Amino acid sequence: MPYFDSGESLFEKFCKTQVGRAIFRTGIPRNQRQRMMIMLNGVFLHLHPVRLPKHAVKVKYTWCMGGLSFFVFLVLTVTGILLMFYYRPTVEYAYGDIIDLKEQVPLGLMREIHRWGAHLMVVTVWLHMFRVFMTGSYKPPREFNWVIGVILLVLTMLMSFTGYLLPWDQLAIWAITVGSNMAGATPLVGASGPGASLLAIGDVNFITSSSDARFAMLGGRFVGEGALLRFYVLHCIGLPFVMMIFMIVHFWRVRKDGGISGPT
Amino acid sequence: MAESIKHFINFAANPKVLFPCLLILTLFMFPGNDKLLAINKRLGLYKLWTKKGGIFLFSFMLLFFIFGLTDPNFRLIVTKPDNVPIVALLFLVNFFLWLSMKQAWENDARIAKGQPPQEAEDAKEKILVWPDLVYIEFIALILCSALLLAWACALPAPLEEPANPSVSPNPSKAPWYFLGLQEMLVYFDPWLAGVVFPTIIMLGFMCIPFLDNNKKGCGYYTFNERKMAISIFMFLWLVLWIFLMTTGTFLRGPNWNFFGPFEYWDIHKLEALTNINLSEYIYMILLKQPVPENILLREIWGFLALGLYFGLTPILLALTFLKNVFKQLGVLRYSIFTFLLLCALSLPIKMFLRWAFNIKYIVAIPEFFFNI
Amino acid sequence: MNTPVTSSSQSAPVQPPSRPVQKPDDANMDRRSFIKWLPLGWAAFAAVVAGYGTLVLRYLFPNVLFEPKQSFLAGTIDDYTAGEVSERFKERYGVWVVRDSEKIYALSTVCTHLGCTPNWLASEAKFKCPCHGSGFYKTGINFEGPAPRPLERFKIFLADDGEIVVDKTQKFQQEKGEWIDPDSYILA
């Protein structure tokens, strides 16, 4: 790299001032030691080990799908926060706000990136699972991390599902109507599921359409104001929060279970 | 010429034809035991997992799409903005399937010669994460962002009419990744297809590392050392997941009727959907007597069938086809494994019963919403 | 090593007690009896956690629901002709009012499969659900598609001034034999 070799760059000079040293402890990693130190010193780079066997770096082995899933998650977080500035989760405003996001807000691409990113994340998470299966990486000692991964996969789809309702268009309410009626068919705790009538005492039914699993999900007896608000809160705070926790455990376990899998 | 090809594809795309074909194809493409592997080798099916095979696979898919796009009906379904990711997914899944199987067969050939797999060869060399991995990740992120940005510029996010609770669009579809479940709804009641089966699928996937106690094949691509695991996974993942999802997205039209990829979505397409329950079938058609009033007496045959299916089949399998598996897994693992497998197989079985005998429910107790 | 230990253990009783000497019947709990009480402690902890969980669960179900009115006036009997399926109240209230040769009844517009809204196809004399293709006769009985049971009927009665009132809070299900209930229809 001729650029780095031709004397000190401006950045390198900055790294030697007191401010530069305070921020970038390692400076530009040129020698072996610095390349190790930069991985150890940074909080984000510390996600990775210092060295890896060569196969673990090859794209044809990992497909990069796990890392990309995380990256798309971050993109979705950023675009999602930006969307929240303009979107109001009420039956009266929701649909109009979505149209305004396109027509009245500069850079009307935010919703597109968010929506297509959501699709992309489902795809990358699936392909990541597929790769992990094909390399047998769920085998001991990584069994538990596979379990965490399955939970993350389900959470990804739930995130996408709760986001589906928010535009409040025909596609949204009917997809959620069909989806939430399945919850109403849950055995024992759904009003139209098997066994609900077993929980009655005499003539008093405890599981009715206003006290079953579907109601808890929708906050009402049909997809309306309550459902929109509940899905909004779950989509923006509830599920991402749970997902973060599982992601932390997932990444931690990747390192603790011996890094990326490989032949022993 | 083109018309007759379209007619043939319309006919072949019908789940009644395509689904059994795919099941058989999966059985031979991903042979689960030595016998099937021998057939695979004799037929030369493994050649798909080479460079030439890959070129063949992708030119075939590409040709199919280019040919399809000349047809207005096909174009209408495939270019619907929400369906674009599934078209991309089809190519991606096939590509990565090919990539993983290619490496697996190459490694198998190495192992057969007594060499370690390619990954073990690579792993001898240790490299620093900075700069090697960090830069790969950086490039991957940039490519991914570029893709996402281009996609967002090219396709506006879909937005339909404002919500109207009194008009259901025809057809009403769940988000595309749930369309496999919605396809199950055709054959099972919501409490099974929407609640019990998804739960079993989730728990079943979590069980995989604890059920598969084959020590080999960890950390490198291989097929031969994990034949059975890969074979079952491909059945679950490719056939029951990806294929059913694709069917639900592209081939289900108004009134949830089936439409071939080159067929016009006619709202008035009539399909006889009159189905009967197993109890009616047995009492009215076989025994020629009225269906008994008593619920238990009425549904005893269904319960008997279910009991035999989940109780007796595992024992029979342990004595015959799965003798070695039983020995390797032990009683507990084997019971869970066969239960999950039988649950997964119940979908194709119910499909077959529906297509062949118009069976709606095996056990039908609508009084308690308990229909299987 | 040994000497200091023995000397301290010997000298321990000699030392002036800095705190009261423990007796077995002292109010202070010793280790053994503490362990004896441990299960009770855990049970109490679990009970509190479970109670708190129940409260959170109950929190999801509000006491008052701000939903549209559940009963409405539907005109007089003469507004309906025999054999007609009236769609006047479908959009606002989700109800079809059907009059056949003997009686008038109110059918729910919610498909019993997964809650889509079926369409009344007058030419084929059936309700057809667009979502998964369930079909219902004019009476509400299911005859095709995946719907597991007939459409539900609502309470319907004549007010004192002769107007028809439909009350959606009470429903009648055919498979439970509730359609013979006189509250579920009006004799016309």
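Structure values in brief
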{"item": "Any hit, the range B:267-274, residues being in contact with a Ser or Thr (Cβ under 8 Å, 6 or more places away or on another chain), within 18 Å of B:R354 (Cα to Cα) and surrounded by 14 or more Cβ atoms within 10 Å (Cβ to Cβ)", "result": "no"}
{"item": "Where a residue in the range B:149-169 is more than 7 Å from chain A (Cβ to nearest Cβ) and under 30 Å from C:R88 (Cα atoms) and its partner, wherever it lies, is surrounded by fewer than 17 Cβ atoms within 10 Å (Cβ to Cβ) and of a type in the set (D, E, K, R), with Cβ under 6 Å and at least six apart", "result": "B:S166/C:E91"}
{"item": "Residue within the range C:148-161 that is under 17 Å from C:E87 (Cα atoms), within 11 Å of another protein chain (Cβ to nearest Cβ) and touching a helix residue (DSSP H, G or I) at 6+ places or on another chain (Cβ under 6 Å) present", "result": "no"}
{"item": "Tally, over the range B:194-226, of residues that are surrounded by 18 or more Cβ atoms within 10 Å (Cβ to Cβ) and either within 8 Å of chain A (Cβ to nearest Cβ) or under 16 Å from A:R131 (Cα atoms) (or both)", "result": "16"}
{"item": "Scope the range A:135-180; condition among the small types (G, A, S) and farther than 20 Å from A:G258 by Cβ; matching residues", "result": "A:S160, A:G163, A:A172, A:A175, A:G179, A:S180"}
{"item": "Filtered residues of the range A:190-206 (kept if within 11 Å of another protein chain (Cβ to nearest Cβ) and either surrounded by fewer than 21 Cβ atoms within 10 Å (Cβ to Cβ) or aliphatic (A, V, I, L, M) (or both))", "result": "A:A191, A:G195, A:A196, A:S197, A:L198"}
{"item": "Residue match in the range B:223-236 (condition: within 19 Å of the chain's Cα centre (by Cα) and not assigned by TED's automatic domain parsing to the domain that holds B:L92)", "result": "no"}
{"item": "Some residue of the range A:98-116 being more than 10 Å from every other protein chain (Cβ to nearest Cβ) and among the acidic types (D, E)", "result": "yes"}
{"item": "Hey, A:R255 modelled with pLDDT of 90 or more, within 14 Å of another protein chain (Cβ to nearest Cβ) and over 20 Å from B:V195 (Cβ atoms) or not", "result": "yes"}
{"item": "Residue check for A:G219: on the phi > 0 side of the Ramachandran plot and surrounded by 18 or more Cβ atoms within 10 Å (Cβ to Cβ)", "result": "yes"}
{"item": "Residue list for the range B:175-192, restricted to those being under 16 Å from B:I362 (Cβ atoms) and assigned to a loop (DSSP other than H, G, I, E, B)", "result": "B:V186, B:Y187, B:F188, B:D189"}
{"item": "Test result for A:V132, in a helix (DSSP H, G or I), at pLDDT 95 or above and facing chain B (nearest Cβ under 9 Å)", "result": "no"}
{"item": "Identity of the residue in the range B:175-184, within 9 Å of chain A (Cβ to nearest Cβ) and of a type outside the set (S, T, N, Q), that ends up farthest from C:V95 (Cα to Cα)", "result": "B:Y177"}
{"item": "Breaking point among (1) within 10 Å of chain B (Cβ to nearest Cβ); (2) surrounded by fewer than 13 Cβ atoms within 10 Å (Cβ to Cβ); (3) of a type in the set (V, I, T), for A:V91", "result": "(2)"}
{"item": "Some residue of the range A:16-36 being in contact with a Phe, Trp or Tyr (Cβ under 7 Å, 6 or more places away or on another chain), within 12 Å of another protein chain (Cβ to nearest Cβ) and assigned to a helix (DSSP H, G or I)", "result": "yes"}
{"item": "Within the range A:62-100, tally of residues that are in contact with a His (Cβ under 7 Å, 6 or more places away or on another chain) and either among the charged types (D, E, K, R) or not assigned by TED's automatic domain parsing to the domain that holds A:G117 (or both)", "result": "0"}
{"item": "Residues of the range A:164-180 satisfying the condition of being part of a helix (DSSP H, G or I) and either facing chain B (nearest Cβ under 7 Å) or modelled with pLDDT of 95 or more (or both)", "result": "A:Y164, A:Q170, A:L171, A:A172, A:I173, A:W174, A:A175, A:V178, A:G179"}
{"item": "Listing of helices (runs of 4 or more DSSP H) fully contained in the range B:1-116 that carry 1 or more residues being under 22 Å from B:R226 (Cβ atoms), over 19 Å from the mean Cα position of the chain (by Cα) and touching a residue at least 12 places away in the same chain (Cβ under 8 Å)", "result": "B:34-43, B:51-69, B:84-112"}
{"item": "Failed item in (1) out of contact with any Asp or Glu (no Cβ under 7 Å at 6 or more places or on another chain); (2) within 30 Å of A:V57 (Cβ to Cβ), with B:F223 passing the rest", "result": "(1)"}
{"item": "Filtered residue count, the range C:164-188, keeping only those that are crowded, with 19+ Cβ neighbours inside 10 Å and part of a helix (DSSP H, G or I)", "result": "2"}
{"item": "Odd one out for A:V59, checked against (1) closer than 26 Å to A:M247 by Cα; (2) crowded, with 19+ Cβ neighbours inside 10 Å; (3) at the interface with chain B (Cβ under 8 Å from one of its Cβ atoms)", "result": "(2)"}
{"item": "Test result for B:Y187, touching a residue at least 12 places away in the same chain (Cβ under 8 Å), more than 8 Å from chain A (Cβ to nearest Cβ) and hydroxyl-bearing (S, T, Y)", "result": "yes"}
{"item": "Index of the failed condition, B:S172 passing every other in (1) crowded, with 22+ Cβ neighbours inside 10 Å; (2) within 10 Å of chain A (Cβ to nearest Cβ); (3) part of a helix (DSSP H, G or I)", "result": "(3)"}
{"item": "Residue satisfying condition, being touching a Cys at 6+ places or on another chain (Cβ under 9 Å) and not aromatic (F, W, Y), within set B:N294, B:N277, B:N255", "result": "B:N255"}
{"item": "Residues located in the range A:135-160, provided they are facing another protein chain (nearest Cβ under 7 Å) and either hydroxyl-bearing (S, T, Y) or in contact with a strand residue (DSSP E or B) (Cβ under 8 Å, 6 or more places away or on another chain) (or both)", "result": "A:T135, A:S137, A:Y138, A:S160"}
{"item": "Test for B:L97: is it closer than 28 Å to B:Y187 by Cβ, out of contact with any His (no Cβ under 9 Å at 6 or more places or on another chain) and at pLDDT 95 or above", "result": "yes"}
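For (1) loosely packed, with under 13 Cβ neighbours inside 10 Å; (2) closer than 30 Å to B:T249 by Cα, each residue gets a yes or a no:
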{"site": "C:A50", "(1), (2)": "yes, no"}
{"site": "C:L55", "(1), (2)": "yes, no"}
{"site": "C:N63", "(1), (2)": "yes, no"}
{"site": "C:G75", "(1), (2)": "no, no"}
{"site": "C:S101", "(1), (2)": "yes, no"}
{"site": "C:T117", "(1), (2)": "no, yes"}
{"site": "C:F127", "(1), (2)": "no, yes"}
{"site": "C:K138", "(1), (2)": "no, no"}
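The values are calculated or read from the model by the stated rules, or taken from the named source; none is laboratory data. Here the structure is a predicted model, which is why all the values come from computation and not from measurement. Here Cβ is always computed from backbone atoms with ideal geometry, including for glycine, and neighbour counts include all displayed protein chains.
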